[in-house]
1. Which of the residues that make up segment 68-102 are farther than 16 Å from GLN3 by Cα, of a type outside the set (Val, Ile, Thr) and under 10 Å from the mean Cα position of the chain (by Cα)?
2. Can you name the number of the only condition in (1) modelled with pLDDT of 95 or more; (2) in contact with a strand residue (DSSP E or B) (Cβ under 6 Å, 6 or more places away or on another chain) that PHE52 fails?
3. Without any contact (Cβ under 8 Å) to a residue 24 or more places away in the chain and part of a strand (DSSP E or B), is that true of THR79?
4. Within segment 3-13, restricting attention to residues that are exposed (fewer than 15 other Cβ atoms within 10 Å of the Cβ) and out of contact with any Ser or Thr (no Cβ under 6 Å at 6 or more places or on another chain), which residue is farthest from GLY65 (Cα to Cα)?
5. Pick from segment 61-97 the residues that are of a type in the set (A, V, I, L, M, F, W, C) and in contact with a Pro (Cβ under 7 Å, 6 or more places away or on another chain): which of them is least open to solvent (accessible area, probe 1.4 Å)?
6. Which of the residues spanning segment 98-115 are within 29 Å of PRO14 (Cα to Cα) and open to solvent by less than 80 Å² (accessible area, probe 1.4 Å)?
7. Assess whether SER28 counts as being farther than 18 Å from VAL2 by Cβ, among the hydroxyl-bearing types (Ser, Thr, Tyr) and open to solvent by 50 Å² or more (accessible area, probe 1.4 Å).
8. When segment 1-52 is examined, which residues are found to be touching a Phe, Trp or Tyr at 6+ places or on another chain (Cβ under 7 Å), under 14 Å from LEU85 (Cα atoms) and in a loop (DSSP other than H, G, I, E, B)?
Amino acid sequence: QVQLVESGGDLVQPGGSLTLSCAASIRSFSTYSMAWYRRAPGKQRELVAQIFGVGITNYADSVKGRFTISRDNAKNSMTLQMNNLKLEDAAVYYCSAMRGTTTYWGQGTQVTVSS
C-alpha cells in the first residue's frame, strides 16, 4: 500500500524558512515523478515544485529562487526547502507521486506565515 507522509509544516514569520519532508512508502520510488502542491484557503490547488527521477526540477514562478526541491531515492524521500517565506505562501502543502496515469497524495502539512 502506497503511503506518502508529509512533515515540517509550522508557523513562521515572513522572511523565515521551513523545510518540508515527504516520506514515501512506495516501491520503485525512483521511477516516480515527485512534486509539492499547495492549497490556500479559497484557492485551487497549485503546483509548487516537481522533481523527476533523474533530478530535473520545475518550479512555479512564484517560488523560483526561494524554494528548492530535492529527493533522495535511496531513502524514498523528498524535501522542499522554503526560504524567504511570504504571506502568500501560507497553505496546506501536499506531497504527490506520479507515474503514468497514477498519482498518489499525502494528507498535507500546514504552513502558516504570519507576523
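The values are calculated or read from the model by the stated rules, or taken from the named source; none is laboratory data. Remember, it's a predicted structure, so these values are computed and weren't measured experimentally. Virtual Cβ from ideal backbone geometry, glycine too; neighbours counted across all protein chains shown. For accessibility, only protein heavy atoms count, side chains too; no ligands or nucleic acids. Shrake-Rupley method; radii C 1.70, N 1.55, O 1.52, S 1.80 Å.
1. SER70, LEU80, GLN81, MET82
2. PHE52 satisfies all of (1) modelled with pLDDT of 95 or more; (2) in contact with a strand residue (DSSP E or B) (Cβ under 6 Å, 6 or more places away or on another chain) except (1).
3. no
4. So in segment 3-13, the residues exposed (fewer than 15 other Cβ atoms within 10 Å of the Cβ) come out as 3, 5, 7, 10-11, 13.
Of the ones still in play, those that are also out of contact with any Ser or Thr (no Cβ under 6 Å at 6 or more places or on another chain) are 5, 10.
Working: VAL5: 26, ASP10: 21 Å.
Step by step, filter segment 3-13, then rank; the result is VAL5.
5. Step one: filter segment 61-97 for residues of a type in the set (A, V, I, L, M, F, W, C), giving 63, 67, 69, 74, 78, 80, 82, 85, 87, 90-92, 95, 97.
Next, only the ones that are in contact with a Pro (Cβ under 7 Å, 6 or more places away or on another chain) stay: 85, 87.
On the way: LEU85: 2, LEU87: 105 Å².
Going through the qualifying residues, I end up with LEU85.
6. Going residue by residue through segment 98-115, those that are within 29 Å of PRO14 (Cα to Cα) are 105-115.
GLY106, GLY108, THR109, VAL111, THR112, VAL113, SER114, listed by residue number.
7. Working: farther than 18 Å from VAL2 by Cβ: no; among the hydroxyl-bearing types (Ser, Thr, Tyr): yes; open to solvent by 50 Å² or more (accessible area, probe 1.4 Å): yes.
Here the answer is no, as SER28 does not meet what is asked.
8. GLY9
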